[in-house]
Amino acid sequence: MAQTPLLQLSDISLTYGGDPVFDGLSLAVQPGDRVALVGRNGSGKSTLMKVMAGLTEVDRGDVVTAPGTTVGYMEQEPDMTGFATLGDFAMARLDPSEQYKVEIAGEGLKFDPARPVETASGGERRRAALARLMAEAPELMLLDEPTNHLDIEAIAWLEGELSQTRAAFVLISHDRAFLRNLTRATLWIDRGQVRRQEKGFEDFEAWRDKTWEEEDIARHKLDRKIKSEARWAVEGISARRKRNQGRVRNLAALREERSGQIRRKGTAAMALESGPTSGKKVIEITGLEKSYGGKRIVSDFNLLVNRGDRIAFVGPNGVGKTTLIKMMMGEEQPDAGEVKLGTNLLPAVFDQSRAQLDPEMTLWESLTGDKEMRVSGAADQVMVRGTPKHVVGYLKEFLFDDAQARAQVKSLSGGEKARLLLAKIMARESNLLVLDEPTNDLDVETLDLLQEILDDYDGTVLLVSHDRDFLDRVASTTIAMEGDGRATVYAGGWSDYQAQRLEEQPKVAPKAAPKAAAAPQAAPKAKKSGLSFTEKHRLEELPSVMERLEAEIAKLQQLLAQPDLYQKEPVKFAKGTEMLAQRQQALSEAEEEWLELEEKAGG
């Protein structure tokens, strides 16, 4: 018997004053679905999610939710009007007895429920909205870029929660590792058409490339047919006869079909040009010390950065990654130690806060007003790596259209702001590139292009990112900042760092087997083949999974230990008991899995 969909969209049409965003769209979300929603920036991903959440009214069609189904939506910019604190917002639709759910989510996502809404940053607001959704546990979760503003530890917590949930979810994210680990189906928006494949994000790029290849072949065949028919129409005298007018009409129909095809959006014409070669030693750090208000950032830190290095900085939010980079760039002074900058350095900086962008300026003003891009006596041109270019033409290279040139920066999406900032950075020569969270909001194709550009860049790169996939693709060295002044240097990217860290942990000695009567010696067993890539990844993440489960169990036990809880709040007691049993079972299973993988790894 077929399942009833949790959500059904039928023949949806939506237009915003121009070409349709969607036309004749139909799709369904089934119980247990784990869906990646992917597409280029501006393709309509967030719009489609708002339609699914019932927040955007469509021009035509039906949006039907199964009776009794609860749908939760986490938007990129939550409206917290009327709430005093982040905790008030997160608790808004919960019973007071369920406060512990928000507290658990708050610990995992690292947000303070007592923080006043008016002083909370955009990242803190998003974390509160995500905690609210996780605490409410609806049967269908719609998550729009949930990993933005989360550090790697919080991303791991969220990944663990979503991997265990029985709820269905639809997920928009730029984090490829997150999508690969969680999804089992993919919705792909491409030029207003939504395709579905019953495979997770791991297979998306191969599916996309095959689809585009088939499309190119079909277009080539159509072009050849039009060319052939057009030659016949011009050269064939019989074309003017009445009996052949059908063939002429067919040619017109072919041309109309061809003109109606929507060209794929190209990739941004991004390029980095290294300036004069820097010295071999770019930055030399010895004995660096830094503290803020009693909190130690680094202690006795030493590092030599050579020309061409790709250095990634990882660690929890607030641990001091950006502060360390500012000291390395000479923008902030250490308490002790020395930072020596190399010769002939030309730095370019991509800052996480996008502070180089004035939200009130237009895109045109943002580029022409930059003193390093200004062309004397030409108000409509910008200097791009030593060559004047028309400002609109340069914006088009970064996928902005004519109308956007006069739009204000504050009207741009997160991905568009990132592209604009990249346009400013890439207009100048550099040999030292500082990238602080460059991957936020960028689509898969732009991330691929950025990675290729960095691969070909002759200069040195300092990178702060929580995107594990991007770190693996770019970094040659990873510096892990783990608090209390600890900053450890590892070779390679994120996966290499995790593997080396695991090797550093002391192995648990196996328990001695009980003595038994002597028996004939069995033939030696063949050596096990070791771990697969997936098993290795799982072994690396299990310690943090077990640590999280132990913390949640302790919190639930503390809740249930309250005197008279059963008599005063039986519902709360029952839910807490149920959650405790679930987490204890999950911990037991995780421990067994870890022991099995450890044994296999050492086999």
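The values are calculated or read from the model by the stated rules, or taken from the named source; none is laboratory data. Note that the structure is a prediction, hence the values are computed from the model and not measured. Cβ placement follows ideal geometry from the backbone for every residue including glycine, while neighbour counts extend to all protein chains displayed.
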Check region 526-539 and report whether any residue there is under 30 Å from D496 (Cβ atoms), surrounded by 12 or more Cβ atoms within 10 Å (Cβ to Cβ) and modelled with pLDDT of 80 or more.
yes
Yes or no: region 2-19 includes at least one residue that is β-branched (V, I, T) and assigned to a strand (DSSP E or B).
yes
Out of everything in region 79-93 that is surrounded by fewer than 17 Cβ atoms within 10 Å (Cβ to Cβ) and either among the hydroxyl-bearing types (S, T, Y) or modelled with pLDDT under 90 (or both), what residue ends up being nearest to V117 (Cα to Cα)?
T81
Based on what the data block shows, is A405 under 29 Å from K281 (Cβ atoms) and of a type in the set (G, A, S)?
no
Pick from region 449-466, criterion crowded, with 18+ Cβ neighbours inside 10 Å and assigned to a loop (DSSP other than H, G, I, E, B), ranking: nearest to the chain's Cα centre (by Cα)
H466
Being under 30 Å from L565 (Cα atoms), small (G, A, S) and surrounded by fewer than 16 Cβ atoms within 10 Å (Cβ to Cβ), is that true of even one residue in region 98-105?
no
With the condition kept exactly as written, say whether any residue in region 467-474 is free of Cβ contacts under 8 Å to residues at least 60 places away in the same chain and exposed (fewer than 14 other Cβ atoms within 10 Å of the Cβ).
no
Positions within region 580-603 being among the aliphatic types (A, V, I, L, M) and in contact (Cβ under 8 Å) with a residue 24 or more places away in the chain, in sequence order:
L580, A586, L587, A590, L597, A601
Condition check for S411: of a type in the set (S, T, N, Q) and either closer than 26 Å to G459 by Cβ or at pLDDT 90 or above (or both):
no
Quickly run through region 365-387 and pick out the residues that are loosely packed, with under 13 Cβ neighbours inside 10 Å and not charged (D, E, K, R).
S376, G377, A379, G386, T387
If the Cβ limit is 9 Å and pairs must be 6+ apart or interchain, which residue in region 353-364 that is at pLDDT 80 or above and surrounded by fewer than 18 Cβ atoms within 10 Å (Cβ to Cβ) pairs with which residue that is part of a loop (DSSP other than H, G, I, E, B) and of a type in the set (D, E, K, R)?
Q356/D370
Of the residues V349, V339, which is crowded, with 16+ Cβ neighbours inside 10 Å, more than 27 Å from the chain's Cα centre (by Cα) and part of a strand (DSSP E or B)?
V339
Which numbered condition R243 misses (of (1) modelled with pLDDT under 85; (2) assigned to a helix (DSSP H, G or I); (3) basic (K, R); (4) surrounded by 12 or more Cβ atoms within 10 Å (Cβ to Cβ))
(4)
At positive phi and either at pLDDT 90 or above or aromatic (F, W, Y) (or both): is that true of G17 in this structure?
no
Checking E429 against (1) charged (D, E, K, R); (2) touching a residue at least 24 places away in the same chain (Cβ under 8 Å); (3) more than 29 Å from K281 (Cβ to Cβ), the condition it does not meet:
(3)
Can you find, within region 400-432, the residue that is surrounded by the most Cβ atoms within 10 Å (Cβ to Cβ) among those that are of a type in the set (S, T, N, Q) and outside any helix (DSSP H, G or I)?
N431
Which one of these does Q333 not meet: (1) in contact (Cβ under 8 Å) with a residue 40 or more places away in the chain; (2) closer than 23 Å to A480 by Cα?
(1)
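Restricting attention to region 46-62, report how many residues are in contact (Cβ under 8 Å) with a residue 24 or more places away in the chain and either crowded, with 21+ Cβ neighbours inside 10 Å or of a type outside the set (D, E, K, R) (or both).
Final tally of qualifying residues: 10.
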Evaluate the following for D484: is it modelled with pLDDT under 85, under 19 Å from F301 (Cβ atoms) and either assigned by TED's automatic domain parsing to the domain that holds R310 or within 16 Å of the chain's Cα centre (by Cα) (or both)?
yes
Residues located in region 47-82, provided they are among the hydroxyl-bearing types (S, T, Y) and either assigned to a loop (DSSP other than H, G, I, E, B) or in contact with a Lys or Arg (Cβ under 8 Å, 6 or more places away or on another chain) (or both)
T56, T69, T70, Y73, T81
